Amino acid sequence: MLRHFVPALLLGLAAALACIWLDTPLPWLIGPLFGTAIACMLGARLAAPVQAREAGQWAIGTALGLYFSGPVLAVLAHYAGWIALAVAFALALGAAGAWLLRRLTGSDEATAFFAMAAGGASEMAVQGERHGALVERVAAAHSLRIMIVTGTIPFAVRALHAHGDLIPFVPAAREVWYPGLALLAVLTSCGALLLKRRGIPNAWVIGPLAVALVLTAFGVHLSRLPEWAIRTGQLLIGISLGTRFTPRFVHTAPRFLASVALCSALALLLAAGFAFVVARLAGLPWATAVLATSPGGIAEMALTARVLNLGVPVVTAFHVARMVVVVLAIGPMYRLMVHKA
C-alpha cells in the first residue's frame, strides 16, 4: 500500500500547489481530488490507506467542532425547524432521484434507491448490499456525486461573490498552544475510536467534532488547530476520494454513470432552488443556505464554508443532522416503499 500511497501523496501535493497558483477555491482538497482521479483513470496505480482518510477526517472534524461556542449553539437552535425541513427535503430528493435513475437505466429498485440516497458512499453501499443492491454501482454513484458537487459548488459560490454571515463565526480558540493541542488530539481521537467501535458511520468526523463541540460549548479552549493540520486533512481526504476513480470505475456501466451524473446535476439545481427559499424565509445568507442544503458531504461543504468565511456551524449542523437521519432512516424507508409498491 505504501508504494502506491507515496506517489499519490506527491501528486496530490503538486496538484494542490497548482490549484493555489490558479487561485481555485479549496486548492488543498480539489487539487488532490482531481489530480489523483485523473491519474487513476489513466491507469496509474495510486491508493490511500484507510488511516489516511481517517486522519484527514479527524483534522476536519476537530476544526469544525471548535466553532460551536455557547452563543453559536443558541443561534443554531433558532434554525432547528429549518434543519428538520432540509433533512426531509434531502430524503425526498433522494427518492425522486432513485425513480429517475431507474427510469433512465432500468436498474433494480435497491440499486437505484441506495445510489441516489443523500448519504455517504460506504454507508449506503453497506445498507444497499443488505437489501440486494449492486454494491459497486452504489459506491460508484456516490463517488461521482461527491466529485460533481465538490467540483461545482465551491466555484459557483465564489464566482457569485458570496458574502459571509452577518454574525461572524470564528473558532473559539484563537491561538495554537501545542500542549493543549496534544490533549485535544487525544480526547478527540478517543471520541472517534469510541464511535468507530460502536459502528457509527463517519466516526472520525463525528467523534472529534462532538468532543471538540462539547469542550468549546463549556468554555474549554485547549488550542486552535494549526492551518497546516487543516490543509493536510484536506489533502488526505482529496487523495482518498480521488483514488476511488480507477479504470474499473470508468468501465462501470457507462450509461449508468452518465445517468447518475444527470440525476446529480438535477439534484444540485433543485437543492439550490430549495436553498434560496430557505434563505429568504429563514433569514440565512443564500450562500450559507446553498452549502447547508446541497447533496454533498459534511467535510467538503463545511470546508467550503470555512474557506469562504460563511456560516461554518450552520452548514455543519445541517449536514450532520442529514447524515444521522439518512443512516438511521434509509433502510426502513426503502422497506416501506417496496412494501407499498
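The values are calculated or read from the model by the stated rules, or taken from the named source; none is laboratory data. Predicted model only: the values in this text are computed from it and were never measured. Don't worry about glycine lacking a Cβ; one is built from the backbone with ideal geometry, like all the others, and counts go over all protein chains shown.
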_Residue among Val214, Val260 that is loosely packed, with under 15 Cβ neighbours inside 10 Å and β-branched (Val, Ile, Thr)_ = Val214
*Could you please give the count of residues in region 14-43 that are crowded, with 17+ Cβ neighbours inside 10 Å and either more than 23 Å from the chain's Cα centre (by Cα) or in a helix (DSSP H, G or I) (or both)?*
16
_Among (1) out of contact with any Pro (no Cβ under 6 Å at 6 or more places or on another chain); (2) of a type in the set (Ser, Thr, Tyr); (3) closer than 24 Å to Thr188 by Cα, the one test that Thr24 misses_ = (3)
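Give me the helices (runs of 4 or more DSSP H) completely within region 49-157, filtered to those with at least 2 residues that are aromatic (Phe, Trp, Tyr), more than 17 Å from Ser240 (Cα to Cα) and in contact (Cβ under 8 Å) with a residue 60 or more places away in the chain, ordered by residue number.
Helices (runs of 4 or more DSSP H) meeting the threshold: 80-105, 109-116.
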*Identify, please: which residue in region 282-320 is more than 15 Å from Gln234 (Cβ to Cβ) and small (Gly, Ala, Ser) and is, among those, modelled with the lowest pLDDT?*
Gly311
_Neighbours by Cβ (under 9 Å, 6+ apart or cross-chain): first from region 165-190, closer than 13 Å to Pro208 by Cα; second modelled with pLDDT under 85 and surrounded by 18 or more Cβ atoms within 10 Å (Cβ to Cβ)_ = Leu184/Ala173
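Please verify whether Leu76 is modelled with pLDDT of 90 or more and of a type outside the set (Gly, Ala, Ser), treating the condition exactly as stated.
No: the conditions fail for Leu76.
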*Residues located in region 55-78, provided they are buried (at least 19 other Cβ atoms within 10 Å of the Cβ), out of contact with any Leu (no Cβ under 8 Å at 6 or more places or on another chain) and of a type outside the set (Phe, Trp, Tyr)*: Gln57, Ser69, Val72
*asked:* Regarding region 106-126, can at least one residue be identified that is modelled with pLDDT of 75 or more, among the aliphatic types (A, V, I, L, M) and surrounded by fewer than 20 Cβ atoms within 10 Å (Cβ to Cβ)?
replied: no
*Which one of these does Phe256 not meet: (1) within 26 Å of Thr105 (Cβ to Cβ); (2) touching a Gly at 6+ places or on another chain (Cβ under 9 Å); (3) part of a helix (DSSP H, G or I)?*
(2)
*What pairs can you find where one residue is in region 302-323 and over 11 Å from Ala86 (Cβ atoms), the other is charged (D, E, K, R), and their Cβ atoms are less than 6 Å apart, with a gap of 6+ or different chains?*
Gly311/Asp165; Val312/Arg306
*Would it be correct to say that Ala52 is crowded, with 24+ Cβ neighbours inside 10 Å and either among the hydrophobic types (A, V, I, L, M, F, W, C) or within 19 Å of the chain's Cα centre (by Cα) (or both)?*
no
*For Gly191, which of the numbered conditions (1) closer than 19 Å to Ala317 by Cβ; (2) of a type outside the set (A, V, I, L, M); (3) outside any helix (DSSP H, G or I) fails to hold?*
(3)
*Hey, could you check region 64-84 for residues that are of a type outside the set (Ser, Thr, Tyr) and under 19 Å from the mean Cα position of the chain (by Cα) and say which is nearest to Ala329 (Cα to Cα)?*
Ala84
